[in-house]
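The values are calculated or read from the model by the stated rules, or taken from the named source; none is laboratory data. Since this is a predicted model, take the numbers as computed values, not measurements. Neighbour counts run over all protein chains shown; Cβ positions are idealised from the backbone, glycine included. Surface accessibility is based on the protein's heavy atoms, side chains included, excluding ligands, DNA and RNA. Shrake-Rupley method; radii C 1.70, N 1.55, O 1.52, S 1.80 Å.
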Amino acid sequence: MVNRHTTPAEFTAAWEDIRPDAVVAEPSAMDEWAVPTRLPDPARTVLDGWTCRSAPDSREVSRWAGGALIGLTSGSTGRPKGVVQSERALRYAATSTIDVNGLEPGDAVAAIVPLSSTAAYCFGVYLSLLLRGPLVLTGKWDRAVALRRMADAGVRWTMCVPTMALQMGTEAAGSGVLRGVRSITVGGGPMDRGALARAERSLGTKILRVFGMSECLGHTSPSPDDPEEIRLGRDGRPFPGTDVRALTADGQTAGPGVTGRAQVRGPSLFLGYAREGRTDPPELTEDGYLPTGDLLMVHDDGTLTIMGREKDIIIRGGRNIDITEIERAVASHPRVARACVAPVPDDVLGERVALLVVAEDGSGVELAEVTGHLESVGLSKTKWPEYVYGVEELPQTKVGKLDRGGARDLAIRLHTREGGS
């Protein structure tokens, strides 16, 4: 699955990894990605006006080790990676999600996240096929269109990234337009309990904050019946059969309330990455766990909280500053709709802390207002942002997640333009 807006360079990287037997796409995309030069055999018309080009060679299906789907993810490198998942993993993740959310056969679901990733396809298409109910799609993200179609179709569940949920909450303007929706699963980006609570009250439904990744599909979730503290303040419980653990620096399992490096093992674990036309098995621990690159805290009741990425830090004068901790504190400000912390360069300290803010009411948020709030919530002064820049929207990836690279570039441009003020 490849996003229509994939650049030629991104497509080339995916091509090198997957070495496909055939490509099916819109004719304009075929030309943009130079597919006719890669697969010169004549094109055939398929799928209502799309075209298919295929290689004349015989197909070696075994090279995918039983994989049923390859979705692209940029991960932390910025280079597309093909994540190979099995049908067994898709069925487990989708079935677990159906059970947790109390969905019934025939229920309508909506797919509002672009379907180019394994996770978006699993929870946007495959889950709907299991339910054998209506599937609501949109050609491109438009929060007003999405709300109207979901309401008109009687959608019972959807999955989206936090930005989409917050934007729909703003668009709904307290109308409760999605009161018929059982729940909305939200993951894939920074999340604040207060902002999500405002969105779900405006929409009239329940929001479930979850944790998952393309390499291990949606492996935690709370229940729609959980209190707000659990649904919106934590990242759920592992699906039955999935194990999630946190390890301390010395390799021991972290106890309740202790932050450690997250590792996961379970039925939705991927088969490997697509590399040089074959499945390259994942690098697992000796006992079969996948290190996720996240920092994790497990609570006494078995729920867990993702504390941020291991590498999400700013190094200011030799001091490591966790950007996730700052973002959570800032997001609890009632006038902040969305916020992102990014480093800006400094000749003396190496990096300083900048903050990009989308205000709830569209007006500006000043530095003094931010630091005053951070002082009131007890965040150490050594972690306070030194620059605040109001923006209309945070940079996003093609699937609607926060684009940290784009946010960093934007912060540097604003910092340079305003002379570091």
What number of residues within the stretch 1-14 satisfy the criterion of being more than 15 Å from LEU69 (Cα to Cα) and either open to solvent by less than 20 Å² (accessible area, probe 1.4 Å) or touching a helix residue (DSSP H, G or I) at 6+ places or on another chain (Cβ under 8 Å) (or both)?
5
Those residues of the stretch 258-270 that are in a loop (DSSP other than H, G, I, E, B) and open to solvent by 50 Å² or more (accessible area, probe 1.4 Å) come to a total of 1
How many of the residues in the stretch 367-380 are open to solvent by less than 40 Å² (accessible area, probe 1.4 Å) and either assigned to a strand (DSSP E or B) or touching a strand residue (DSSP E or B) at 6+ places or on another chain (Cβ under 8 Å) (or both)?
1
The correct count of residues that are more than 21 Å from the chain's Cα centre (by Cα) and in a helix (DSSP H, G or I) in the stretch 381-421 is 10
Got a number for residues in the stretch 93-130 being out of contact with any strand residue (DSSP E or B) (no Cβ under 7 Å at 6 or more places or on another chain) and either open to solvent by 10 Å² or more (accessible area, probe 1.4 Å) or basic (Lys, Arg) (or both)?
13
Quick check on my filter: what residues within the stretch 143-187 are farther than 25 Å from ARG335 by Cβ and open to solvent by 60 Å² or more (accessible area, probe 1.4 Å)?
ARG148, ARG149, ASP152, ARG156, ARG179, ARG182
Is it true that ARG335 is basic (Lys, Arg) and at pLDDT below 90?
no
Enumerate the pairs (first residue in the stretch 272-288 and among the acidic types (Asp, Glu); second residue anywhere and open to solvent by 90 Å² or more (accessible area, probe 1.4 Å)) with beta-carbon separation below 9 Å, excluding pairs fewer than 6 apart on the same chain, so at least 6 apart or on different chains.
GLU276/GLU16; GLU276/ARG19
Please go through the stretch 33-64 and pick out each residue that is within 20 Å of HIS5 (Cβ to Cβ), open to solvent by 90 Å² or more (accessible area, probe 1.4 Å) and either in contact with a Leu (Cβ under 8 Å, 6 or more places away or on another chain) or not in a loop (DSSP other than H, G, I, E, B) (or both).
TRP50
The residue from THR279, THR292, THR242, THR259 that alone is closer than 29 Å to LEU196 by Cα and modelled with pLDDT of 95 or more is THR242
Could you count how many residues in the stretch 271-294 are assigned to a strand (DSSP E or B) and of a type outside the set (Val, Ile, Thr)?
10
Neighbours by Cβ (under 8 Å, 6+ apart or cross-chain): first from the stretch 307-320, under 15 Å from VAL344 (Cα atoms) and free of Cβ contacts under 8 Å to residues at least 60 places away in the same chain; second open to solvent by 80 Å² or more (accessible area, probe 1.4 Å) and polar (S, T, N, Q):
ILE313/ASN320; ILE314/ASN320
